[in-house]
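Worksheet: the structure to be examined is printed underneath.
What follows draws every value from the coordinates through simple rules; no lab data is involved. Values in this document were obtained by computation on a predicted structure and should not be read as measured data. Cβ atoms come from the backbone with ideal geometry, glycine included; neighbour counts cover every protein chain shown.
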Amino acid sequence: MSIDIPTICLTNIGPLITLSVAGLLLLLFDAFSGKAMKKAHFHQFSLVAVVIALLQTVWLWNRQTTDFSRMIYVDNFSFFFNVIFLLGTGISIILSVHYLENYRKNYGEYYALMLFAAVGMILMAAGGNLVIIFLGVEILSIPIYILSGLFREDLKSNEAALKYLLLGAFSSAFLLFGIAMLYGGTGTFYLADLAAFIKKSGMNGFTYVGMGLLIVGFGFKVSMAPFHMWTPDVYEGAPTSITAFMSVGTKAAAFAAFLRVFLEVFPTVRMEWDLLLWVAAVATMTVGNVTALAQTNIKRMLAYSSIAHAGYILVGLIAGNQLGATGILYYLLAYTIMNLGAFGVVIAVARKKDNYLNIYDYAGLGFQYPGLAAVMSVFLFSLVGMPPTAGFLGKFYLFSAAVEAGYIWLVIIAVINSLISVYYYLRITVIMYMQPAEADLGPVAMTPVVNATLIISALAVLLIGIFPGSIFQLAMNSVKIFGS
Amino acid sequence: MQIIFFLLAATALISGIMVVIQVNPVRSALFLVLNFFALAAIYLLANAQFIAAIQIIVYAGAIMVLFLFVIMLLNLRQPEEGGAHRHLGQKIFGSSLATAVIALVIYKVFRMIVPPGKPLTPDFGSTEMVAKSLFTDYLLPFEMTSILLLVAVVGAVILARSKVE
Amino acid sequence: MIQYVWLVPVFPLIGFLINGLLGKKISKNTVSLVGPGSVGLSFAWVLGCFWEYLHLPAKAKPVEVFVFNWITSGTFNAQAAFLVDPLSLVMLLVVSGVGFLIHIYSVGYMHDDPGYARYFSYLNLFVVNMLILVMANNFLLMFVGWEGVGLCSYLLIGYWYEKQSASDAGKKAFVVNRIGDFGFLLGIFLIFYTFGTVNFREVFAQAHNFPVGSAILTIITLCLFVGATGKSAQIPLYTWLPDAMEGPTPVSALIHAATMVTAGVYMVARCSALYVMAPISMTVVAVIGLATAFMAASIGLAQNDIKRVLAYSTVSQLGYMFLACGVGAFVAAIFHLMTHAFFKALLFLGSGSVIHGMHGEQDMRKMGALKNKMPITYAVMLVGTLAIAGIFPFAGFFSKDEILFKALTDGHVGYWAIASLGAMMTAFYMFRLIFMTFYGEKRWDHHVHPHESPPVMTIPLIILAILSTVGGFVGIPLIQGWNVFHEFLAPSIAHVAAGHEVHHSMTFEVMMMLVSMGVAGIGIFIAYKMYIKQPELPAQVTAKVPGLYDLIYNKYYVDEIYDATVVEPIKNGSVFLWQEADSKVIDGAVNGTASVVDRLSLVIRKLETGYVQNYALGILIGVAVITGYYLGR
């Protein structure tokens, strides 16, 4: 029997290798190194790995190809998402360090799992085959199930992990069933072949069910209604640093896969899914925003807010045009920075052991910690979509894409929704600046690195809002792969 | 052939349902073993000998034995009476909804005209073929699966290890 | 200088950064130098630009100053670029000039406030955004300024956040404004959808290709007008402005009288090319403006808080400006905008001086006989009042008369009648304010010692008083060649395509002027009669028509109606969704009264949500819907 060995080029999966190897090394260090040295160096080590992976990603710029028998795409789309993922992972690692030390949970495994999760994200964005995308979903999800339950002595953390695990497995089953149905209907797992098949022979019963179940699977991961219900409980219960990580990482990765699959495989049958997603997007935004109004726990509020943002991003997907896809990429980058920034402030304010998560605990922050309050305001304004922040432009791109595609009502509803969202985001600003602290806030532990991260994030939110040109060009380059 | 397939499929389905509705965990586990055997037989029918063998060796053999040991070691108590009636409305609603969905899918699938499949090569499903495709086209998924398993193991260790520090 | 017109907003931006970031470290004197100084520089620069613009050859006008490409994509382009044309120059002069005076005034007014630097940083930020708003060359950049001024207004209204009412008012202003912004943003999206661009000049150039009264232009202009009603406090979104008086008085003068609230009028005038193509929208604008002018004036009759009277007066005057826009007299609207900026800023600052001298007292029933205690304040307030009442030759006379005249000739006789009635009420309540504050017996508490304000406050007042006196001469309507203002603005404004150009005789114009003077005179006379001659009369009048008085005094109960019909349902909806959708056991102590929690937990116990199987059921329902959607057809 002859075996044709496919040619492979390892640099094409350089970031994957770096992150995986770093994760493995971290596990080994944690197991075999001395106690004194290890604590301090885990996060530095993992940060170095992330930076190297980032450099490798940059190396892959503009290499429009596939590798590993077309299993993965090496294109600008995955380049852009890799940057988002690595940025998100890096910032999350920085935000985690102090938080974990407070809980005496500064394990090497923690960082290793984060790196593995990043591997999963990259696979989801780069996958050229449904098998890879599914593997990516699982490699991303399992570390996050575990990390959500990291605080074993905390009931809420346990609850979060269990709920996420059960529901995640439930939704993964649907995703897998959908993939199986697609295979049954077309005989292939490759996105390119699926697209060719559907373009040629149209949809059949299998592909309909398959497509529908893919919507379920991805919808769960991006917290699209009605698959969003796990989000608040899990976000609230999970360690805040993990909430931050998953709120941006999981969402971005799931949207990457969502976007790639739907704009590559199903663009010719847009009429079959746009109405469904239209309804889902409206429900998602509305449920997220309206429910967020009643929240007093800031993590819970941000959870609903992340649901609402999923709704906005869906608007771009429904628009389905170049501008929409570009808008999604831009928005996800902006969202990554601003949401992580907001969570960074939440971590800082929560101080020891998550004691201060109620929104009224932010009273007086504007006076005792003007810098912290100022950056928080920038992040919140960006989440609101106030000009000239990045959040505004992101929304503008998404909505004008939908207008261009003729979805006027969707845009009207979306704009109303972002109007509602003003209220709950702004309430935090009001509390920070317009209510005196009931008691002394006490020391908020800030390391120089965290400070710098937050300040740079805030500046970045403003900067890419005022000068969006280059990022936009980059994003547009990245979505060129989707035909029209 | 067809009759055998339907018999096996029925066995798999019924045993699968029994796994869920049995109150006694040991019985549940044993039904799961039965389910695995039925599935392995279906794989054989589909000419996938390697998968069938793996199914029996790994799942029915190794994993289920481990399961049974754990269940017995934990010495799970029988849940108290009345537990089955909690959320009864939801259970009925959920299961009827699921049945309806499945029925709809089956109905549609049966009415579909499926194009005839390609004839199988004589060595289809053999160990060589599986190995070949695993180490050529499916190399990346294969390697990534190892990461997935590693992650699961690490996770289990983290969650299960006795309180340190 | 015009090429560097982008420096105009940069000066206050630098001021904002210095005061905002270093406010606590630098001395008060530095703050007082940086805050007003930066705006003064802007004003000087604007003057230079104005001078240069006047001497530009006609074909070089208007000037667009490109700064950088803000948003570029294949189909969409928005620049950060500034448009310098007559309209924006007038606005720039008003914003930077009046802004500069008010900054100086603030030095005196806010001198003892602990948040001095914070105040000036907000004020500078406001000026930055306002300048961007009026200079933008496209809708999107205008929206940036539009949102920015809204934010600053909100920050400044809630400046004294220790007062619950102040932070509530700030929140209200922001929320109501967002409703307006919603309309504006939709309008922008529709403009982009229709024209493929958001650049003013490109959009307006294309607008002529549409038939008059086309549906899309009507919808666009109505959306934009929703934005204008929010920002410019028109029916139905005017309720925030009177509450906004919780902010410091100079803020009320700058933001809620002279500049920000006129942004809506500016926007409508800027889009005149669109509005003239949409007669229905024009009618809507005119009717809303008229209704607001009348309603707010009637509310003003019965208010006792000196700033609230002025606030309703502002709402009412803005209504006149929209009336002018609605009948196609955009120039008259901008003219009134300008004179109004002078005299209303003057009146607010004057009232601020009174409040300052009365140690924070705002209730006019506790004033009286201040004429001799504060002579300068009295004099300038009187000038402002004469101007707003429309007495010759003060500024308000010319502008208001032009609006009334246009309402009659280009609009409808009914417009004119109601507007004139409003003008009479204006004269009445303004003189009521003067008489109650400065005449009669002294009614203040014995521990209050009224005193005149320091020069740093009175000098801006005097300058504004001079402007309120002579500011109207640029737009004398009578003789065609003399209306400099009209000629200057003409290139920026589109005209209604009138089939019949009616020429009115000069006698007719003069007669109308006399009529409007007479109307104002009646209002003043009634006020004189009621508050000087027979002080017992007001009580008798009130007693005669108690229902009507209550209605006006309580501002037609509009706030209450909004609360009951809009605010409460949204709140309830949110709580309801929360219960239904995720409802873990709610921490009662945080979330409300005990009874609510009792009811809630009852519901929750029944639903037993928060359970994982419910969520799974939700997913399953979603799956069923999706498969049903695809296969059930």
Exercise. Quick one: what do you get for the range C:77-158 if you divide its Cα Rg by 2.2 N^0.38 Å?
Worked result: 1.20
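What FRET efficiency comes out for the pair residue A:297/residue A:447, r = Cβ-Cβ distance, R0 = 25 Å, nearest 0.05? Numbers along the way, then the final one.
Details: r = 26 Å, r/R0 = 1.02.
After rounding to 0.05, the efficiency reads 0.45.
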Exercise. Each residue of the range A:198-204 in turn: what ³J(HN,Hα) in whole Hz from Karplus with 6.51, -1.76, 1.60 and θ = phi - 60°, glycine and Pro shown as x?
Worked result: 5, 5, 7, 10, x, 8, 10
Exercise. Within chain C, which DSSP H helices have Cα atoms that stretch 15 Å or more along the helix axis and a mean Kyte-Doolittle hydropathy of at least 1.0?
Worked result: C:7-22, C:86-109, C:116-135, C:139-157, C:215-231, C:279-300, C:330-357, C:375-389, C:413-438, C:455-470, C:506-528, C:612-631
Exercise. What residues from the range C:392-421 fall in the zone where the backbone N is under 14 Å from a label point 7 Å along the Cα-to-C-beta line of residue C:522?
Worked result: C:416-421
Seminar exercise, completed: Quick numbers on the range A:402-482, Rg and Dmax over C-alpha atoms in Å, give 19.3, 56
Problem set entry | GluC sites (Glu not before Pro), loop per DSSP, at most 16 other Cβ atoms within 10 Å - longest free stretch of chain A | A:154-437
For this session: Please work out the FRET efficiency for the pair residue C:446 and residue A:11, using the Cβ-Cβ distance as r and a Förster radius of 60 Å; give the result to the nearest 0.05.
Result: 0.10
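Taking neighbour Cβ counts within 10 Å as the exposure measure, how do C:310, A:28 sort from fewest upward?
Details: C:310 29, A:28 12.
Ordered from fewest to most neighbouring Cβ atoms within 10 Å, C:310, A:28 come out as A:28, C:310.
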Exercise. Modelled label-to-label distance, residue B:135 and residue C:25, 7 Å Cα→beta-carbon offset: nm?
Worked result: 6.7
Problem set entry | On Cα atoms only, tilt of A:76-103 relative to the major axis of chain A in degrees | 30
For this session: Anything over 18 Å Cα to Cα? Flag those among C:442/C:533; C:373/C:442; C:366/C:529; C:172/C:366; C:366/C:442; C:28/C:163, in the order listed.
Result: C:366/C:529; C:172/C:366; C:28/C:163
For this session: Answer rounded, prolate or oblate for the range C:168-244, using the Cα gyration tensor with square roots of eigenvalues a ≥ b ≥ c: rounded when a/c is under 1.5, else prolate when a/b is larger than b/c, else oblate.
Result: prolate
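Counting other beta carbons within 10 Å of each Cβ, put A:41, C:336 in order, fewest first.
Details: A:41 14, C:336 29.
Exposure proxy ranking, most exposed first: A:41, C:336.
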Exercise. Gap in Å between the Cα centre of the range C:366-417 and the Cα centre of the range C:228-288?
Worked result: 20
For this session: Report, in whole Å, the centroid distance computed from the Cα atoms of the range A:322-373 and the range C:296-342.
Result: 42
Exercise. Counting other Cβ atoms within 10 Å of each Cβ, which trypsin sites (Lys or Arg not before Pro) in the range C:1-83 have at most 12 and sit in a DSSP loop?
Worked result: C:24, C:25
Exercise. Between the range C:41-83 and the range B:8-76, what's the alpha-carbon centroid distance in Å?
Worked result: 77
For this session: Go through the range A:113-122 residue by residue and turn each phi into a ³J(HN,Hα) via Karplus (6.51, -1.76, 1.60, θ = phi - 60°); whole Hz please, and just put x for glycine and proline.
Result: 5, 4, 5, 5, 4, 5, 4, x, 4, 4
For this session: Enter the mean projected area of the convex hull around the alpha-carbon atoms of the range A:268-484, in nm², rounded to one decimal.
Result: 12.0
For this session: Please give every one of the aspartates and glutamates within straight-line cross-link reach of residue C:231, meaning a C-alpha to C-alpha distance under 13 Å, and leave out same-chain neighbours fewer than 8 residues apart.
Result: C:147, C:181
Problem set entry | Distance violations [Cα-Cα > 31 Å] among C:25/C:371; A:480/B:132; C:344/C:555; A:395/C:406 | C:25/C:371; A:480/B:132; A:395/C:406
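With a 10 Å Cβ neighbour count serving as the proxy for reagent exposure, in which order, fewest first, do C:239, C:292 appear? Mind showing how you got there, number by number?
Numbers: C:239 19, C:292 27.
Taking fewest neighbouring Cβ atoms as first place, the list is C:239, C:292.
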Exercise. Which of rounded, prolate, oblate describes chain A, given a ≥ b ≥ c as roots of the alpha-carbon gyration tensor eigenvalues and a/c under 1.5 marking rounded, otherwise prolate only if a/b is larger than b/c?
Worked result: oblate
Exercise. With charges only on Cβ, +1 for K and R and -1 for D and E, what is the dipole size of chain C about its Cα centre, in debye, rounded to 20?
Worked result: 420
Exercise. How long is chain C along each principal axis, judged by its Cα atoms, biggest number first, in Å?
Worked result: 80, 66, 57
For this session: Please report the Cα spread of the protein assembly as shown along all three principal axes, rounded to whole Å, starting with the longest.
Result: 110, 65, 57
